[in-house]
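Just below is one structure, and these are the notes that go with it.
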Amino acid sequence: GAGVSQSPSNKVTEKGKDVELRCDPISGHTALYWYRQSLGQGLEFLIYFQGNSAPDKSGLPSDRFSAERTGGSVSTLTIQRTQQEDSAVYLCASSLGRDDTQYFGPGTRLTVL
Amino acid sequence: KNEVEQSPQNLTAQEGEFITINCSYSVGISALHWLQQHPGGGIVSLFMLSSGKKKHGRLIATINIQEKHSSLHITASHPRDSAVYICAVMGRLGSTLGRLYFGRGTQLTVWP
């Protein structure tokens, strides 16, 4: 079956603009994660959705970042008033449940000019 | 202080050599993951384990919960094993529940 997909694959935006990044998890996966990987840095947890529970937003770096997951499936990560330090690869992963193997999408490379 | 420490940061080996990458962590965990990231960025989960040892082909992962330590071994290494290997742990307590904490990764290069 299809894996985790993300769109767009690349996004170039100007400082101050808002961007939306999309993640389509594997069908039936109840857990969905967003991560960020900045150039030369390790992976960083951003937010985690598990079923219908309130998401764990503790990794979001500022209130400019928000995410939602509609219908327990597709998720959108929104960054408002983008800054140059937001430039990174944003990765989405999904798993059957919280304690199961995570499957990663190909990522969205965001460049803020 | 990082919750997950990996060593070495960089590793170079000759084809056929036995490779070991180490991971130590400081939080209570429900599971530990070993991930592989190839040039171009794609991430693949190699193992998820919470106790003992798992083997898949030439890869072996072990974990010692008491010592909060895990190792990833590659037997008979091959140039196609060249990648970044990342250790990640999933928290199991309080505010860490469900979160993944990542090591900085080990860049492995295997020469023919």
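Could you sort A:68-74, B:45-51 so that the peptide with the highest average Cβ count within 10 Å comes first and the rest follow in order? Walk me through the numbers on the way to the answer.
On the way: A:68-74: 12.7, B:45-51: 16.9.
Result, highest mean Cβ count within 10 Å first: B:45-51, A:68-74.
The trypsin sites (Lys or Arg not before Pro) of the stretch B:1-59 meeting both criteria, a DSSP state outside H, G, I, E and B (loop) and at most 15 other C-beta atoms within 10 angstrom of the site's C-beta, are B:K1, B:R58.
Normalising by the residue count of chain B, find the relative contact order in percent from Cα pairs under 8 Å and 6+ residues apart. Don't jump to the answer; show the numbers that get you there.
Details: 280 pairs, mean separation 41.2, N = 112.
It rounds to 37 percent for chain B.
Ranked by the mean number of other Cβ atoms within 10 Å per residue, highest first, peptides A:52-62, B:78-88 order as B:78-88, A:52-62.
Computed from backbone phi, the HN-Hα couplings of the stretch A:41-52 come to 10, x, 6, 10, 6, 10, 7, 9, 10, 10, x, 9 Hz, rounded to whole numbers (Karplus: 6.51 cos²θ - 1.76 cosθ + 1.60, θ = phi - 60°; Gly and Pro given as x).
Ranked by the mean number of other Cβ atoms within 10 Å per residue, highest first, peptides B:102-110, B:4-12 order as B:102-110, B:4-12.
For the stretch A:42-113, a simple Cβ point-charge model (Lys and Arg +1, Asp and Glu -1, everything else neutral) yields a dipole of about 160 debye relative to the Cα centre. Within 10 Å of the Cβ of each residue in B:97-107, the mean number of Cβ atoms contributed by other protein chains is 5. Averaged over the residues of peptide B:36-46, the number of Cβ atoms from other protein chains lying within 10 Å of each residue's Cβ is 4.
Mean per-residue shielding of peptide A:32-43 is 3, counting Cβ atoms of other chains within 10 Å of each Cβ.
For the stretch A:89-97, backbone phi angles converted through the Karplus equation (6.51, -1.76, 1.60; θ = phi - 60°) give residue-by-residue couplings of 9, 9, 10, 10, 9, 9, 8, 4, x Hz, Gly and Pro being listed as x.
Converting phi to 3J(HN,Hα) with the Karplus coefficients 6.51, -1.76 and 1.60 and the offset θ = phi - 60°, the stretch A:104-113 yields 9, x, x, x, 10, 8, 9, 10, 10, 8 Hz in sequence order, with x at every glycine or proline.
Residue separation of A:L96 and A:L39 scaled by 0.36 nm, minus their Cα-Cα distance, works out to 17.6 nm of gained length. The label point for B:S30 and the one for B:N10, both projected 7 Å from the Cα toward the Cβ, are 3.8 nm apart.
Every number in this text was worked out from the coordinates using simple rules, so none of it is lab data. Since the structure is predicted, the reported quantities are computational estimates derived from the model, not experimental observations. Note that each Cβ is placed from the backbone with ideal geometry, even for glycine, and that neighbours are counted across all protein chains shown.
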